[in-house]
1. Got a sec? Which of Tyr77, Tyr112 is modelled with pLDDT under 95, hydroxyl-bearing (Ser, Thr, Tyr) and at negative phi?
2. Return the residues of the stretch 44-62 that are surrounded by fewer than 19 Cβ atoms within 10 Å (Cβ to Cβ) and not small (Gly, Ala, Ser); say none if nothing qualifies.
3. At pLDDT 95 or above, under 18 Å from Val9 (Cα atoms) and surrounded by 20 or more Cβ atoms within 10 Å (Cβ to Cβ), is that true of Ala90?
4. Can you work out which of the residues in the stretch 1-57 that are part of a helix (DSSP H, G or I), free of Cβ contacts under 8 Å to residues at least 60 places away in the same chain and hydroxyl-bearing (Ser, Thr, Tyr) is farthest from His101 (Cα to Cα)?
5. Could you tell me how many of the residues in the stretch 38-52 are among the aromatic types (Phe, Trp, Tyr) and within 11 Å of the chain's Cα centre (by Cα)?
6. So which residues in the stretch 63-113 are among the small types (Gly, Ala, Ser) and assigned to a helix (DSSP H, G or I), if there are any at all?
7. Just need a number here: residues in the stretch 8-22 that are out of contact with any Asp or Glu (no Cβ under 7 Å at 6 or more places or on another chain) and surrounded by 14 or more Cβ atoms within 10 Å (Cβ to Cβ).
8. Output the residues belonging to the stretch 58-71 that are within 23 Å of Phe22 (Cα to Cα) and either in contact (Cβ under 8 Å) with a residue 40 or more places away in the chain or touching a Cys at 6+ places or on another chain (Cβ under 6 Å) (or both).
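The values are calculated or read from the model by the stated rules, or taken from the named source; none is laboratory data. What you see is a predicted model; the values in this text were computed from it and never measured. Here the Cβ is made from the backbone with ideal geometry for all residues, glycine too, and neighbour counts use every protein chain on show.
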Amino acid sequence: MSKLLVKLVLNALFTVPLLLYFSNATLFQALMASGSLSILAFFLGDQWILDEFGNGAATLADGLLAALFLWAVGTAYYWGLSWRELAVIAVVTAAVEFGYHLLLRRWDVRWYS
């Protein structure tokens, strides 16, 4: 549970300010989108892809997931995110995820042995 909490906080530190800067999202919408994305990425990327395919594949999947998820949510809520802005958020998310995966490596050596 602490791993998920760390992921929620790390992603919120970067995703929420970027969403507030680039889009018409409210603080509540940005927090909910960041939290939902983090939970989805935790179970899909960190529990499955990272375990099976390694850090590179999980980082790429997390970045793509961020772009697709935020595009869908942004379209539904008329946030006005451009593809360039989505790409910036996705790249930042992927970089944060890469560091988070390295942190997971320290916590749980079984994923990399």
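1. Numbers: Tyr77 fails: modelled with pLDDT under 95.
Criteria check complete, one pass: Tyr112.
2. In the first step, residues of the stretch 44-62 are kept if they are surrounded by fewer than 19 Cβ atoms within 10 Å (Cβ to Cβ); the result is 44, 47-48, 51-57, 60.
Hits for the stretch 44-62 are Leu44, Gln47, Trp48, Asp51, Glu52, Phe53, Asn55, Leu60.
3. Working: at pLDDT 95 or above: yes; under 18 Å from Val9 (Cα atoms): yes; surrounded by 20 or more Cβ atoms within 10 Å (Cβ to Cβ): yes.
Taking the combined requirement at face value, the residue satisfies it.
4. Ranking the candidates gives Tyr21 first.
5. 1
6. Here is the first cut: in the stretch 63-113, the ones among the small types (Gly, Ala, Ser) are 63, 66-67, 72, 74, 76, 80, 82, 87, 90, 94-95, 99, 113.
Across the stretch 63-113, the qualifying residues are Gly63, Ala66, Ala67, Ala72, Gly74, Ala76, Ala87, Ala90, Ala94, Ala95, Gly99.
7. Step one: filter the stretch 8-22 for residues out of contact with any Asp or Glu (no Cβ under 7 Å at 6 or more places or on another chain), giving 8-21.
Cutting the leftovers down to surrounded by 14 or more Cβ atoms within 10 Å (Cβ to Cβ) gives us 8, 10-12, 14-16, 18-20.
Selection size over the stretch 8-22: 10.
8. To start, the set of residues in the stretch 58-71 that are within 23 Å of Phe22 (Cα to Cα) comprises 59-71.
Thr59, Ala66, Leu70, listed by residue number.
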